[in-house]
Each structure stands twice: as C-alpha cells, then as structure tokens.
Amino acid sequence: MASEAGTPKKSATAGVVLLTLAAGQFLMALDSSVMNVSIATVADDVGTTVTGIQGAITAYTLVMAMFMIPGGKVGALIGHKKAFLIGCVIYGCGSLITALAPNLPVLLLGWSCLEGIGAALILPAIVALVAGNFTTERRPGAYGLVAASGAVAIAVGPIIGGIATTYFSWRWVFAGEVAIVLAILVLARRTADAPVGERRRIDLVGAVLSALGLGVFVYGVLRSSEWGWFQPKPGTPAWLGISLVVWLMLAGLLLIWFFLRWEARLVERHREPLVDPALLRNRQLTGGLTMFFFQYLVQMGVFFVVPLYLSVALGLSALKTGVRILPLSLTLLAAAILIPRFLPNVSPRRVVRLGVLALLAGAVALLAALDTDAGAEIVTIPLLLIGLGMGALASQLGAVTVSAVPDKQSAEVGGVQNAVTNLGASIGTALAGSILIASLTSSFLTSIEQNQAVPASVKSQATVQLESGVPFMSDAQLKTALDKAGTSPDVTSAAIDANTAARVDGLRAALAVLALAALLAMFFTQRIPTTQAGSTEPAGAAGRTATT
C-alpha cells in the first residue's frame with residue numbers, strides 16, 4: 001500500500017521528504033521549550049505579568065490537546081498533504097502575529113490560538129505522510145528521525161531562546177519560525193500525499209465531545225501545581241473539600257467516555273466516526289500508545305527537573321543550561337537513526353524494553369548523583385542514558401502504532417497518538433512540578449522547625465505563610481528577599497541552608513516519581529510486537545490480526 005501512496009524511489013527525494021517532515025516536527029516541539037527561559041522578558045515587553053505569559057503557554061497546550069483528534073480527521077477529508085500545508089500556513093501566520101504582538105491579547109491570538117490550531121493539523125498529518133512516503137521496512141527509521149527531531153528541539157530550545165533573548169530579542173525566535181515554515185512549504189512539493197480512502201463528513205458531535213473532554217482534563221492537570229492535586233491550597237477553588245483539579249479531571253474523563261459511546265453508536269448505525277472504537281481493542285496499537293504516554297511523561301518530567309537544577313540550584317545561565325542538556329540529544333539521535341539502519345529486523349519489544357530500562361537507569365543515576373555540593377557535570381552520564389532510551393523508543397513506537405492499522409487510518413491514529421503524547425507531556429510536567437514543590441515545602445519547613453537559631457514566632461509565621469508551597473528559588477534570590485524583609489543574619493543563614501537542602505530533596509522526589517513511571521511502563525511492553533512490520537507480513541496485517 002505504501003507504494004501506491006507514492007513512496008519515493010530516489011534516495012535524494014526520500015531525504016527531502018524526511019527533512020520536510022522532521023522540520024515540521026522540530027518546529028512544533030521547539031515552540032514548547034524555546035520561550036520558557038524568556039517568560040519574564042516577554043511579559044515586560046508586551047505589558048503583562050509572568051502569570052499572563054504562563055497562561056498563554058497553557059492556552060497553547062490546551063488548543064493542541066482539544067483539536068488534535070479532529071485535526072487528524074481533517075486530513076482524511078481534504079488530503080493529508082493539504083492538511084499539512086494548511087496547518088503550516090496557519091502556524092506561520094500565528095508565528096508572525098506573535099513576533100509583532102504589542103500586547104497579551106494579540107500574543108494569545110498568534111501563539112496560543114493560531115499556532116495551536118496549526119499544530120493540531122500538522123502533527124497527525126506528519127504521521128500519515130511518513131506512512132504514505134516510505135515503505136514498511138523504512139518506516140521505523142523515518143519515524144525515529146522525525147520523533148528525534150522533536151526531542152532535540154526540546155533540548156536545544158532553551159539555548160535558542162537564551163541566545164535570542166540575551167543578544168537580540170525573543171521576537172526573532174518567532175520570526176525565525178516564519179522562515180522555517182516558508183522553507184517547509186517549498187520543500188513539501190516533493191512529498192507525496194497519503195491514501196485517504198472514501199471521503200465523508202466529519203463527526204461534529206464527536207469533535208466537540210473529544211475537544212471538551214481532552215481540554216477539560218488537560219486544563220485540570222495544568223492547574224494542579226497552583227490549586228493542588230487533591231487537597232486544595234489556601235485560597236484556591238474547591239468543591240466538597242476536594243481540589244477543583246480532581247473534579248476537572250473526572251469531568252474530562254466523563255466527556256471522553258461519552259465521546260467513545262457516541263462513536264460506538266455511529267459505528268452501529270454504519271456512519272463515519274471521528275475515531276473508530278475498534279482501534280482501542282487493537283492490542284498492538286494500545287500497547288504503542290501506552291508506551292508513547294509513558295515516554296512523554298518521563299521525557300517532559302526530565303526536561304522540567306534538569307533545567308531547574310542547572311539554572312536555579314547551580315545558577316547557570318540559559319545558554320550554559322542548554323549546553324549541559326545537549327549530550328542527551330547526541331545519544332537520542334544516534335539511537336533513533338542507527339538502530340533501524342543497522343538492526344532493521346530487531347524485535348521492537350526488545351528495543352522498547354531496553355529503551356525503558358535506559359530511561360529508568362538514567363533517572364536513578366541522576367537521583368543518586370544529586371547533592372548539595374554536586375556540580376553541573378553530574379548530569380552528563382544520566383542524560384546520555386536518558387537520551388539513549390528516548391532514541392530507542394523513538395526508533396520503534398511510530399512504526400508500531402501505524403503498522404497496527406491499514407494505511408488509510410494512519411492520520412486517525414496520528415491524531416490519537418499526538419493527543420496521548422500531549423496528555424503524557426502535560427501530566428509529566430505537572431506531576432514532577434507538584435511533587436518537587438510539595439517535597440521542597442516539607443523539607444524546608446522541617447529544617448526551619450528543627451533549627452534552634454530560628455525564633456518560635458518566625459517558625460509559626462513561616463508555617464502559615466508557606467503552607468501552600470515554597471517557591472523554587474536560588475540561594476541568591478532567597479537572600480535578596482530576606483534582606484528586603486529585614487531578617488536577622490542568623491535567620492537568613494538558617495533559611496538559606498534549609499533552602500539548599502530542600503531544593504535537592506524536592507528534585508530527588510520528582511526524579512523518584514519519574515523513575516517509578518519508567519518502571520511501571522515495563523509492565524506494558526508485552527503488547528509491543530516481537531517482529532518488525534513487513535518482515536513476515538504486509539503492513540497493517542499485524543495490527544488487524546492483533547485485534548482482540
């Protein structure tokens with residue numbers, strides 16, 4: 001079927017197609033990481049607060065989550081290549097508006113709305129176009145490189161953002177995205193479209209239910225660090241004494257259940273669903289999606305924790321922080337490219353298990369190495385292991401999910417796949433952040449309580465004021481704040497010592513949760529096939545026979 005879709009016969013053409021799709025994936029991932037080091041600068045420039053910019057980032061994530069599944073279906077209606085190109089145009093317009101944004105509302109329009117919608121069209125189309133442009137045997141390598149380009153973008157994003165903000169302007173980042181979009185549009189001429197099958201109308205009710213369900217669930221997750229997962233923090237919304245985060249997540253799950261019931265009803269009436277419920281009974285597909293979820297949960301948790309350690313605990317600049325994360329990119333790219341090339345017939349299940357073990361080993365190594373006196377070099381070996389694990393997973397999972405279904409359903413799978421990775425990334429970041437702050441708070445208050453140099457009145461005041469969470473800050477930032485408050489030298493010294501130790505405790509707790517998630521992922525690898533797609537049967541056959 002791949003050949004019918006226009007699989008490139010010349011290696012030069014195949015290289016251009018792969019470059020085009022990898023560039024699209026790189027661009028989508030870059031936007032999620034490049035501006036995190038420049039939030040304060042952007043806030044000042046557009047006349048808003050840090051909270052306002054964080055809200056824009058949250059809105060971007062929400063828009064992507066809400067429209068990812070419908071975005072995959074749009075490709076089946078108008079053609080995957082056309083959906084990819086339209087998505088690029090919308091995304092480019094959003095980047096241009098963001099680069100010129102004079103205030104927060106315009107920034108929200110360009111960054112959060114238009115770029116989010118563009119990404120929801122682009123990402124599922126990339127999955128379908130890889131399936132349509134490469135033979136079954138070459139897909140693991142193609143998917144590996146595309147996925148690796150996204151992970152590399154997350155790793156180098158802080159460097160790009162740091163350089164642009166320090167020496168030029170954050171606006172140049174988005175202007176550069178416009179240039180990349182224009183290059184992608186030119187290169188995309190050599191990309192063949194993927195098969196779409198019979199074109200029917202889109203399921204609007206299903207689109208609304210899926211968008212609301214995913215949006216409400218992800219919004220609840222994103223608010224967890226501010227409102228609390230279960231026990232509501234002081235002054236935050238709650239119902240029946242339970243944080244609103246729980247209710248939002250339950251409401252999201254209920255809407256997703258209604259969505260699946262609606263889709264099953266459409267199938268019973270022989271009408272076209274947005275997502276065929278039979279996909280969720282496909283053992284190979286659900287196995288691949290589960291591993292995608294855990295990969296992105298651990299991956300984004302690590303990308304949250306490690307930069308915090310380097311930039312805040314060690315005081316490195318954004319540029320130096322980015323350089324320290326680069327070793328991860330090296331092993332990630334090497335594994336994603338070299339495994340399919342030199343081991344084309346290797347068992348996907350074996351590679352995935354080794355990848356998860358590498359993630360686990362990297363997280364445990366970093367957990368063991370963290371110390372108040374440790375330097376930046378301690379992250380090198382753990383990041384090499386984590387990059388190796390991410391690259392191993394990237395080299396297999398894309399081909400595993402798409403080969404589980406016929407090619408004409410690849411965009412549908414792409415929409416679900418990207419929705420799952422979005423959920424994993426959101427939960428990973430939120431979980432790592434909330435565990436870090438909770439552990440930091442507990443450790444900080446315990447140290448203060450046990451320190452005899454701190455007066456009882458100060459201990460009582462600290463407990464009351466910091467019960468909602470201690471901010472993750474450097475010793476220099478804490479000292480400046482205490483000096484402004486007129487704190488005595490003894491209390492300042494005690495607070496700084498407590499902060500230093502508490503930071504490490506918080507980072508260790510977050511890493512321990514990520515290591516536990518990697519360990520839990522091992523129990524789901526049984527659903528990954530033991531043979532490469534196409535090695536013994538045609539693409540799609542494995543998934544059809546694996547349906548249970």
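The values are calculated or read from the model by the stated rules, or taken from the named source; none is laboratory data. All figures in this text were calculated on a predicted structure; none of them were measured in a lab. In this analysis, Cβ positions are derived from the backbone assuming ideal geometry, glycine residues included, and neighbour counts consider all displayed protein chains. Heads up: the accessible areas ignore ligands, DNA and RNA and are worked out on the full protein's heavy atoms, side chains in. Shrake-Rupley method; radii C 1.70, N 1.55, O 1.52, S 1.80 Å.
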Worksheet entry | Those residues of the stretch 230-289 which are part of a helix (DSSP H, G or I), in contact (Cβ under 8 Å) with a residue 24 or more places away in the chain and among the basic types (Lys, Arg), in sequence order | ARG281, ARG283
Worksheet item: Can we say ALA2 is modelled with pLDDT under 70 and surrounded by fewer than 19 Cβ atoms within 10 Å (Cβ to Cβ)?
Response: no
Response to the item:
If we ask which residues in the stretch 54-80 are of a type in the set (Gly, Ala, Ser) and over 15 Å from GLU272 (Cα atoms), their number turns out to be 6
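Just to be sure, is LEU383 at pLDDT 85 or above, buried (at least 24 other Cβ atoms within 10 Å of the Cβ), part of a helix (DSSP H, G or I) and touching a Phe, Trp or Tyr at 6+ places or on another chain (Cβ under 6 Å)?
No.
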Discussion item. Being part of a helix (DSSP H, G or I), aliphatic (A, V, I, L, M) and open to solvent by 20 Å² or more (accessible area, probe 1.4 Å) is the requirement here; does ILE53 meet it?
Written reply: no
Worksheet, complete the sentence: For the stretch 195-227 the number of residues that are farther than 19 Å from TRP262 by Cα and at pLDDT 80 or above is 7
Worksheet item: Could you give every pair whose Cβ atoms fall below 6 Å, whose first residue belongs to the stretch 176-195 and is closer than 14 Å to GLY118 by Cβ and in contact (Cβ under 8 Å) with a residue 60 or more places away in the chain, and whose second residue is of a type in the set (S, T, N, Q) and part of a loop (DSSP other than H, G, I, E, B), counting only separations of at least 6 or pairs across chains?
Response: none
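Per-residue answers, yes or no, for (1) at pLDDT 65 or above; (2) open to solvent by less than 80 Å² (accessible area, probe 1.4 Å); (3) assigned to a helix (DSSP H, G or I):
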{"residue": "THR446", "(1), (2), (3)": "yes, yes, yes"}
{"residue": "ALA462", "(1), (2), (3)": "no, yes, yes"}
{"residue": "PRO471", "(1), (2), (3)": "no, yes, no"}
{"residue": "ALA481", "(1), (2), (3)": "yes, yes, yes"}
{"residue": "VAL491", "(1), (2), (3)": "yes, yes, yes"}
{"residue": "ALA498", "(1), (2), (3)": "yes, yes, yes"}
{"residue": "VAL504", "(1), (2), (3)": "yes, yes, yes"}
{"residue": "LEU514", "(1), (2), (3)": "yes, yes, yes"}
{"residue": "THR536", "(1), (2), (3)": "no, no, no"}
Worksheet item: Only one of these conditions is not met by SER210: (1) in contact with a strand residue (DSSP E or B) (Cβ under 7 Å, 6 or more places away or on another chain); (2) under 26 Å from ALA411 (Cβ atoms). Which number is it?
Response: (1)
Worksheet entry | Selection from the stretch 150-179 of residues that are out of contact with any Leu (no Cβ under 6 Å at 6 or more places or on another chain), surrounded by fewer than 20 Cβ atoms within 10 Å (Cβ to Cβ), within 22 Å of LEU108 (Cβ to Cβ) and among the aliphatic types (A, V, I, L, M) | ALA175
Worksheet entry | Residues being under 20 Å from GLN417 (Cβ atoms) and either open to solvent by 40 Å² or more (accessible area, probe 1.4 Å) or free of Cβ contacts under 8 Å to residues at least 12 places away in the same chain (or both) - total across the stretch 87-124 | 1
